[in-house]
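A short write-up of the structure that comes next.
The values are calculated or read from the model by the stated rules, or taken from the named source; none is laboratory data. Since the structure is predicted, the reported quantities are computational estimates derived from the model, not experimental observations. Cβ placement follows ideal geometry from the backbone for every residue including glycine, while neighbour counts extend to all protein chains displayed. To get the accessible areas, we keep the full protein, side chains included, count just its heavy atoms, and leave off ligands, DNA and RNA. Shrake-Rupley method; radii C 1.70, N 1.55, O 1.52, S 1.80 Å.
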Amino acid sequence: MKKLDRKLFGDVCCWFKTFISIIVFLLAVAVAVFPFFIYYLTRSIPKLSSELTHRLPTTIIPSNYRLYIDSSQLEQFVFHGTVDIDIQINKIVNEIILNSFDLNITGVKYHQNDTDLFSYGTVEYDNVYEQIRLKFSHRINIGHGRVYLSFKGRINDQLHGFYRTKNHEHIGACTQFEAAYARRAFPCFDEPSFKANFSITIRAPKHLTTLCNMPIKSKHADDNNTYTYEFDSTPIMSTYLVAYVIGHYDYVETRDSDNVLIRVYTPIGKKEQGLFALTTAAKILPFYAEYFGIKYPLSKLDMIAIADFGSGAMENWGLITYRETYLLVDTHISTQKTRQEVALVVAHELAHQWFGNLVTMEWWNDLWLNEDNFASWIEFLAVDHVYPEYDIWTQFVSDTLATCMIPDALQSSHPIEVSIRKPSEIDEIFDDITYGKGSSVIRLLHAYIGNEAFRRGLSNYLAEYAYKNTITDNLWFHLSKASNRTHLSDVLSTWTKQIGYPLLMVNQEQRGNDRLLTIEQTRFLADGTRDDSLKWKIPINICTKSNPNSSVFQLYLNGEKKQEFLLKQVPDTEWIKLNLFSVGIYRVHYPQSMLEALTPGIQNHTLSPQDRFNIQTDVYALARAGHLGYVDYLKLLRYAYKYEDNLTVWKSIIRQLTELSSIFEYAQLNNTKILYQSYVCDLLSNIYNKIGWDALPNEDSQIPMLRSLILIYMGINAYDQTRIEAHKRFENFSMQNNDYHLINPNIRAAIYLTVAKTGNQQTFDQLKSLYLKADTQEERIRLLTALCRFDDEYFQRQALIFIWNTTAVRKQDHLTGFASLAQHNRQGCEMCWTYMQNNWNKIESIYGRHDSHLVHFIETVPGLFISKERAEEVQKFYANYPNPYLERSVKKVLEQIRIRRLVLERHELSINEFLNVQ
Ligand code: BES
Ligand code: ZN
């Protein structure tokens, strides 16, 4: 020991010198590096924070909430409350972090279980991350405890959180918590994986109905004016599913075959309007219970129509909230389309009671697991079961599949499985792609593995993850197991994790009695550019002339770029068609001869409506992308579709023709638009004459919808006969004191829109007064849309003022009017765009900076332009009002404008020539 000391001492001098030189060197390095270090630090802070700090730490887990909300001062738009949360602490901490936003925390206390110790805390607000930090004077130990909070807040007018709603003069309040708005109503651990039980107590004015997720356990009068309701404790569930509503309502009720008490709450005096949804729900709930093999876990289910509602509907467990137009059906005023929509929306939200509520995604990344996967797919299965006469599966292809394939062909699309870092990104992905592609993938999968394996896999999955959280792979696992197909997740991930979908280029060669088929895949892009970097695994079903409605060949493209298949026993007299029933999410480019061979099958309707839909929509998309001429499409329609009579096929054709006419608003040649209108009227004349204006005895339930579609479109295209008849019927209606019985609801929109087009001040005033008097939101929307469809600029200006009249038009409906005006013609669109540019701050403040309405404003209005100048204006607009939430929409709009310009530049001349000589 000593020896060592000495040796050390002997070297001290030399050591000292070395030490000094090292210090000097280190200081020099530090001075040089310091600025870079600071730069690095400041740069990395936002990255770190946005990725991590939006999420709550997992050291503290809530298990039970006792929530008390005092809404007795509802009319002053204020509330206060308390929440006690049982928590488990997994690591010693010195603060508790949870979510809270726009709330004033008035008290903080913590009690560690099995001790007498109560500690009082202070609060730090973090408004960027929507969190609060509860600080205590000492550390919090591992174990169980309870945190007590009291708070105050405002009943806001932003359609989310705890917000106000008004019907006539009746003020009420309700909640909308998905995706991350529960934190605006009470402090909580507001992430889907922090599931807990909720025991909720609400104090509310006596004269109002007060509802919550669970049935009332007790009710007592506090004073002359209020009751306090205690509700049963909920099952373990996520915060975004908590709900309460206070307001004036009537209801109808029934019990389903499993004895669940179902009620539909309607505005006062309109309870009959709840009957359709009630009977629908009473049939669908047991259907799901059986299909999933799990009973609906609560004893009651309330469905309520809320007068002010931002989205369409919300699946809160046991208390589903709806926009009025998605729940109420009036026998005299509602259309068949409304009934069908109500049935689908009810079926969608009921499905969430299992998918979403019972089994919940771990984090919003897997949102598609709730939204598309099941809810948006199984709503069709359920409606088909209850109303087979709707032929709803056929409509799936035009309403769901087609709508997602348009935006998914843009460079600015996104995969349906995306990473979500913070709550504000969640709303961004609630779009047609998420809903439509997800449900189309499920439709494909269901067809691929068959109903029984599919059902078994689902029900095992639900049983395993009931009251828990899950990820997409767990679902694939159960479906693979039930179907004995190990490669399922491999196939599916090419559809869910990749952007876009493929274009299949097909070629055939006759080899004796066999057919050699070559298929090459590339990504289908709407602007026609080629992208060979992505490949899909694609099951393909093929039908033939002699078997047009069954899968004669089942091919599988295993992700290679090009594959050959020898189809046995296909003589040269047979045509073949890929993508039977339009189940696949891809486009097919046939050589001209293969396409021509299919046309008799279209004309004589031996091909199914889905296949007839599929052929023309692919040709349209190929023309739009510049792979074919538009004239090919217009010829195909005239040649093969003139005698078409199916709603789904017409819906698709009309949507496409509408796009083309909106492009021709900018035609270079002055007769293109008029020539095109007469082409359209000629194309539709046969179906127009066939179905007429009035219901025929015993007609199918799709016919009223088809009639409405055709009449509206003929009216828009200035077809003389339609205009004359619409005016005649409208005048008759006016002379009979607007007696609603005089116009069948299914043709009402056609009449209103047609008379508006060429209408004068009297027409405008009449439509406006009908709007103000209308007794249902459905009728009001129809009239608002018509008020925005005048050709005359003078009335368009009046309409624009009316749209933004906040006493006459609800917050959720401004957009409907605005979109109607923008879509009417070029002049309307320009007027709306100017308005948006001048009033964007106002629009943002009405909805909030992270609301999906903003996306729709951006995507519908400037998305209709054509020119480079307008595209520059959109860019400038975004530079003036930057908002990361709208970034994708702006890109999408710019791409859309470019594609529309390309269509006009590439095709107007040839179309004009074709139309001139027809
Ligand atoms: N859970 C959604 C509604 C939602 C999603 C609210 C994201 C807030 C954020 C609900 O199940 C839903 O999908 N509603 C649709 C209607 C539905 C029938 C397609 C909607 O609101 O558009
Ligand atoms: Zn949903």
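Within region 574-616, track down each residue that is over 17 Å from S398 (Cα atoms), small (G, A, S) and open to solvent by less than 20 Å² (accessible area, probe 1.4 Å).
Result: G601, single match.
For region 194-249, what are the residues that are open to solvent by 50 Å² or more (accessible area, probe 1.4 Å) and of a type in the set (A, V, I, L, M, F, W, C)?
Selection gives I216, A221, I236.
Specify the residue that is surrounded by the fewest Cβ atoms within 10 Å (Cβ to Cβ); the eligible residues are those in region 407-434 that are of a type in the set (D, E) and outside any helix (DSSP H, G or I).
Among residues in region 407-434 that are of a type in the set (D, E) and outside any helix (DSSP H, G or I), the one surrounded by the fewest Cβ atoms within 10 Å (Cβ to Cβ) is E417.
Would you please name the residue that is nearest to ligand 2 (Cβ to nearest atom), looking only at residues in region 828-881 that are of a type in the set (S, T, Y), open to solvent by 10 Å² or more (accessible area, probe 1.4 Å) and under 21 Å from the mean Cα position of the chain (by Cα)?
Top of the filtered list is S852.
Hey, L328 hits all of (1) of a type in the set (A, V, I, L, M, F, W, C); (2) away from ligand 1 (no atom under 13 Å from the Cβ); (3) over 30 Å from D739 (Cβ atoms) but one; which does it fall short on?
(3)
Okay, residues lined up against (1) in the same structural domain as H144 (by TED's automatic domain parsing); (2) under 26 Å from S238 (Cβ atoms); (3) surrounded by fewer than 17 Cβ atoms within 10 Å (Cβ to Cβ):
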{"residue": "V78", "(1), (2), (3)": "yes, no, yes"}
{"residue": "I85", "(1), (2), (3)": "yes, yes, no"}
{"residue": "N90", "(1), (2), (3)": "yes, yes, yes"}
{"residue": "I97", "(1), (2), (3)": "yes, yes, no"}
{"residue": "S100", "(1), (2), (3)": "yes, yes, no"}
{"residue": "I105", "(1), (2), (3)": "yes, yes, no"}
{"residue": "Y110", "(1), (2), (3)": "yes, yes, no"}
{"residue": "D116", "(1), (2), (3)": "yes, no, yes"}
{"residue": "Y120", "(1), (2), (3)": "yes, no, yes"}
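Scan region 412-458 residue by residue and report those that are out of contact with any Ser or Thr (no Cβ under 8 Å at 6 or more places or on another chain) and among the polar types (S, T, N, Q).
Once the filter is applied, which keeps residues that are out of contact with any Ser or Thr (no Cβ under 8 Å at 6 or more places or on another chain) and among the polar types (S, T, N, Q), region 412-458 yields S412, S413, S419, S424, T434, N451.
Can you name every residue in region 706-748 that is open to solvent by less than 20 Å² (accessible area, probe 1.4 Å), of a type in the set (A, V, I, L, M, F, W, C) and at pLDDT 95 or above?
Once the filter is applied, which keeps residues that are open to solvent by less than 20 Å² (accessible area, probe 1.4 Å), of a type in the set (A, V, I, L, M, F, W, C) and at pLDDT 95 or above, region 706-748 yields L706, I710, L711, M714, A726, F730, I747.
Spot the failing condition for T325; the list is (1) assigned by TED's automatic domain parsing to the domain that holds V264; (2) within 15 Å of ligand 2 (Cβ to nearest atom); (3) open to solvent by 10 Å² or more (accessible area, probe 1.4 Å); (4) outside any loop (DSSP other than H, G, I, E, B), and only one is missed.
Failed condition: (2).
Where residues in region 178-191 are in a loop (DSSP other than H, G, I, E, B) and under 14 Å from H54 (Cβ atoms), which of them is farthest from ligand 2 (Cβ to nearest atom)?
Among them, the one singled out is F189.
Please enumerate the residues belonging to region 365-395 that are within 19 Å of G500 (Cα to Cα) and more than 13 Å from ligand 1 (Cβ to nearest atom).
N365, D366
Going through region 311-322 one residue at a time, which ones are more than 8 Å from ligand 1 (Cβ to nearest atom) and outside any strand (DSSP E or B)?
Those that are more than 8 Å from ligand 1 (Cβ to nearest atom) and outside any strand (DSSP E or B): N316, W317, G318.
When you scan region 801-827, how many residues do you find that are open to solvent by less than 10 Å² (accessible area, probe 1.4 Å) and under 21 Å from the mean Cα position of the chain (by Cα)?
Within region 801-827, residues that are open to solvent by less than 10 Å² (accessible area, probe 1.4 Å) and under 21 Å from the mean Cα position of the chain (by Cα) number 5.
Given the condition free of Cβ contacts under 8 Å to residues at least 40 places away in the same chain, within 29 Å of A466 (Cβ to Cβ), under 20 Å from the mean Cα position of the chain (by Cα) and within 13 Å of ligand 2 (Cβ to nearest atom), answer yes or no: does some residue in region 330-347 qualify?
Checked region 330-347: at least one residue is free of Cβ contacts under 8 Å to residues at least 40 places away in the same chain, within 29 Å of A466 (Cβ to Cβ), under 20 Å from the mean Cα position of the chain (by Cα) and within 13 Å of ligand 2 (Cβ to nearest atom).
State the number of residues belonging to region 866-881 that are in contact (Cβ under 8 Å) with a residue 60 or more places away in the chain and either in a helix (DSSP H, G or I) or not β-branched (V, I, T) (or both). Please lay out each step first, then the result.
Narrowing region 866-881 to residues in contact (Cβ under 8 Å) with a residue 60 or more places away in the chain: 866-867.
Checking which are either in a helix (DSSP H, G or I) or not β-branched (V, I, T) (or both) leaves us with 867.
So the answer is 1.
Only one of V346, V342 is among the aliphatic types (A, V, I, L, M), farther than 20 Å from F430 by Cβ, within 14 Å of ligand 1 (Cβ to nearest atom) and not assigned by TED's automatic domain parsing to the domain that holds S489; which? Full working, then the answer.
Details: V346 fails: farther than 20 Å from F430 by Cβ.
The unique qualifying residue is V342.
Within the bounds of region 435-442, is there any residue that is assigned to a helix (DSSP H, G or I), buried (at least 19 other Cβ atoms within 10 Å of the Cβ), of a type in the set (A, V, I, L, M, F, W, C) and touching a residue at least 40 places away in the same chain (Cβ under 8 Å)?
yes
Just checking, how many residues over region 381-406 are open to solvent by 10 Å² or more (accessible area, probe 1.4 Å) and within 16 Å of ligand 2 (Cβ to nearest atom)?
Matching residues across region 381-406 total 4.
From the list T486, T496, T522, exactly one residue is of a type in the set (V, I, T) and open to solvent by 10 Å² or more (accessible area, probe 1.4 Å). Which is it?
Result: T486 is the single residue among T486, T496, T522 that is of a type in the set (V, I, T) and open to solvent by 10 Å² or more (accessible area, probe 1.4 Å).
Just to be sure, is A307 surrounded by fewer than 20 Cβ atoms within 10 Å (Cβ to Cβ), under 30 Å from Y771 (Cα atoms) and either at pLDDT 95 or above or among the charged types (D, E, K, R) (or both)?
yes
Mind checking which pairs have a first residue in region 107-136 that is at positive phi and a second that is among the aromatic types (F, W, Y) and open to solvent by 20 Å² or more (accessible area, probe 1.4 Å), Cβ under 9 Å, 6 or more apart or different chains?
Qualifying pairs under 9 Å: E130/F101.
Can you name the condition, by its number, that Y676 falls short on among (1) free of Cβ contacts under 8 Å to residues at least 40 places away in the same chain; (2) surrounded by 18 or more Cβ atoms within 10 Å (Cβ to Cβ); (3) under 25 Å from E905 (Cβ atoms); (4) more than 26 Å from the chain's Cα centre (by Cα)?
Result: Y676 passes all but (1).
Please tell me if Q798 is open to solvent by 50 Å² or more (accessible area, probe 1.4 Å) and not acidic (D, E).
Working: open to solvent by 50 Å² or more (accessible area, probe 1.4 Å): no; not acidic (D, E): yes.
So Q798 fails the test.
Could you say whether any residue in region 349-365 is open to solvent by 20 Å² or more (accessible area, probe 1.4 Å) and either assigned to a helix (DSSP H, G or I) or within 11 Å of ligand 2 (Cβ to nearest atom) (or both)?
Yes, there is a match, as at least one residue in region 349-365 is open to solvent by 20 Å² or more (accessible area, probe 1.4 Å) and either assigned to a helix (DSSP H, G or I) or within 11 Å of ligand 2 (Cβ to nearest atom) (or both).
Only residues in region 548-573 that are open to solvent by 50 Å² or more (accessible area, probe 1.4 Å) count as the first member; pair them with residues that are of a type in the set (G, A, S), Cβ under 6 angstrom, at least 6 apart or cross-chain, and list the lot.
Filtered contacts from region 548-573: N549/S608.
Look through region 307-322, keep the residues that are of a type in the set (A, V, I, L, M, F, W, C) and within 16 Å of ligand 2 (Cβ to nearest atom), and return whichever of them is farthest from Q812 (Cα to Cα). Spell out how you get there, then give the answer.
At the first step, the residues of region 307-322 found to be of a type in the set (A, V, I, L, M, F, W, C) are 307, 309, 313-314, 317, 319-320.
Next, only the ones that are within 16 Å of ligand 2 (Cβ to nearest atom) stay: 309, 313-314, 317, 319-320.
Details: F309: 7, A313: 13, M314: 15, W317: 24, L319: 21, I320: 18 Å.
This residue is W317.
Residue check, G356 against (1) touching a residue at least 12 places away in the same chain (Cβ under 8 Å); (2) away from ligand 1 (no atom under 11 Å from the Cβ), all met but one. Which one?
Result: G356 passes all but (2).
Does G318 satisfy being touching an Asp or Glu at 6+ places or on another chain (Cβ under 9 Å), in contact (Cβ under 8 Å) with a residue 40 or more places away in the chain and on the phi > 0 side of the Ramachandran plot? Explain how you work it out, then say what you get.
Numbers: touching an Asp or Glu at 6+ places or on another chain (Cβ under 9 Å): yes; in contact (Cβ under 8 Å) with a residue 40 or more places away in the chain: yes; on the phi > 0 side of the Ramachandran plot: yes.
Here the answer is yes, as G318 does meet what is asked.
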